[in-house]
């Protein structure tokens with residue numbers, strides 16, 4: 001088989017860097033914007049919604065250890081992401097890195113899994129938003145019909161609040177990053193203030209008796225809890241999707257990725273300690289555990305304030321998820337693996353509006369018709385599998401391209417990425433078996449789509465490449481590619 005027809009063909013770094021110059025996207029994000037983007041993506045449904053499920057059904061008060069375990073896994077993967085993001089600062093996150101290092105087929109599978117991560121995760125976020133708005137309205141005496149606020153598998157007909165917020169955020173993201181960035185910063189400040197308020201108000205009402213037994217489901221419950229609440233850490237990789245809209249991506253992307261994850265992890269641990277101390281873990285099996293804990297502890301005003309803050313926090317997560325997924329569609333379409341329409345940039349708003357609208361519609365229907373527990377588990381397995389492949393990519397690129405300039409290097413090589421692979425793999429193994437079945441079906445569909453459409457449509461395929469790409473394709477793989485700064489030297 002000719003090399004150009006190989007499913008392992010890699011995308012030349014020269015073409016990746018050239019694309020950033022003609023992408024049409026506006027470069028207006030700084031380090032603070034990227035940290036806010038990361039926090040906006042991370043802190044939301046995981047802490048405001050899934051903590052209750054994980055505590056009541058898996059870990060009990062030991063959920064704090066689950067957050068530590070999941071945080072370690074996410075932190076190790078974040079170090080790998082940070083190196084690749086600073087070395088290959090191109091839209092597409094893990095998909096793009098894999099395309100340059102491990103080949104097209106693996107890149108397609110990563111991109112396919114990232115679709116699962118972001119679109120399904122955004123659906124879960126919208127469901128969480130709907131649950132909080134229902135609770136908030138109930139607190140003021142407004143009762144919405146159960147049939148219109150629950151999916152069919154959850155005893156209803158359709159989840160209208162979840163679909164409504166998904167539609168609203170989709171239109172907002174279409175309008176552009178400038179508006180999105182401003183709103184995201186405001187919302188991030190609101191939810192950080194609410195979390196601090198929850199900690200200050202709740203710590204006075206902690207009853208240490210609620211922490212006993214600390215591990216009601218045993219050590220295995222802690223691990224299973226970590227696999228479930230890992231959803232709370234989904235989002236820091238969304239920072240990497242903003243590479244082509246960052247002013248100084250080599251410097252600022254690692255700051256955004258690592259900074260947002262460190263802040264989120266610290267807050268998660270503190271919230272979990274207070275949450276499980278306020279009420280017995282058995283009472284937290286609700287879609288709004290943080291507000292519920294304050295209400296049951298006799299702090300109704302605090303519960304209402306936290307509910308409003310949770311709505312703000314969950315809104316920012318949904319906003320960033322839709323943003324990130326649309327940029328991955330944009331990158332895959334630009335490579336020919338998805339139809340070219342997904343790479344269209346709006347002439348006025350300078351956003352990939354077709355990608356955003358398609359993602360928004362999928363999220364709406366996911367939120368309207370699928371229960372949150374199924375959605376969250378699918379998002380976790382998609383994310384963890386991407387983390388494994390990114391960690392492998394760091395190891396491979398260090399060996400094959402040691403000459404590339406790296407403004408950030410993963411410490412503790414090769415043990416850090418190896419540990420990330422081990423932790424992520426272990427959490428995958430502890431997800432429910434039915435999640436594996438659903439994931440297998442998703443992967444089979446992805447493989448079929450690749451070989452029936454993407455394989456021949458790829459711009460790296462002799463059948464799909466326009467004339468300008470043929471020289472890049474024909475370049476020997478053994479020849480070193482350009483350094484990031486080569487374009488400044490006249491090359």
So what's the angle, to the nearest 10 degrees on a 0 to 90 scale, between helix 415-429 and the longest Cα principal axis of the chain? 60 degrees
Determine the distance separating the Cα centre of the range 156-224 from the Cα centre of the range 375-395; give it in Å without decimals. 22 Å
By the Cα gyration tensor axes a ≥ b ≥ c (a/c under 1.5 gives rounded; else a/b larger than b/c gives prolate, otherwise oblate), the shape of the range 175-235 is oblate
For peptides 449-457, 76-84, sequence by mean Cβ density within 10 Å, most packed first: 76-84, 449-457
Enter the angle in degrees (range 0 to 90, nearest 10) between the Cα long axis of helix 104-139 and the first principal axis of the Cα atoms of the chain, meaning the one along which they spread out most. 20 degrees
Need the C-alpha centroid separation for the range 70-123 versus the range 266-281, integer Å. 31 Å
Kindly identify the range 101-159 as rounded, prolate or oblate by the Cα gyration tensor criterion: order the square roots of the eigenvalues as a ≥ b ≥ c, call it rounded if a/c is under 1.5, otherwise compare a/b with b/c, prolate if a/b is larger, else oblate. prolate
Describe numerically, in nm with one decimal, the distance between label points set 7 Å from Cα along Cα→Cβ at residue 418 and at residue 214. 3.2 nm
Taking other Cβ within 10 Å of each residue's Cβ, how do 97, 426 sort, fewest first? 426, 97
Arranged by the count of other C-beta atoms within 10 angstrom, fewest first, what order do 269, 43 take? 269, 43
Please give the helix 160-175 orientation as an angle from the longest Cα principal axis of the chain, in degrees from 0 to 90, rounded to the nearest 10. 40 degrees
Ratio of Rg to Rh over the chain (Cα coordinates, Kirkwood Rh, two decimals): 0.98
Computed over the chain: relative contact order in percent, which uses C-alpha pairs under 8 Å that are six or more apart: 32 percent
Need one number: nm distance between label points at residue 139 and residue 32, each 7 Å from Cα along Cα→Cβ, rounded to one decimal. 3.1 nm
Exposure proxy order (Cβ contacts within 10 Å, fewest to most) of 196, 299, 263: 196, 263, 299
Mean ellipticity per residue at 222 nm, deg cm²/dmol - from DSSP H runs of n ≥ 4 across the chain, formula -39500 (n - 2.57): -21000 deg cm²/dmol
For the range 160-276, what's the relative contact order in percent, using C-alpha pairs closer than 8 Å and at least 6 residues apart? 30 percent
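Read-outs: derived from the displayed coordinates by stated rules, not from any lab. Just so we're clear, the structure is a prediction, and the values are computed from it rather than from any experiment. Neighbour counts are summed over all protein chains in view; Cβ atoms, including those assigned to glycine, are modelled from backbone coordinates with ideal geometry.
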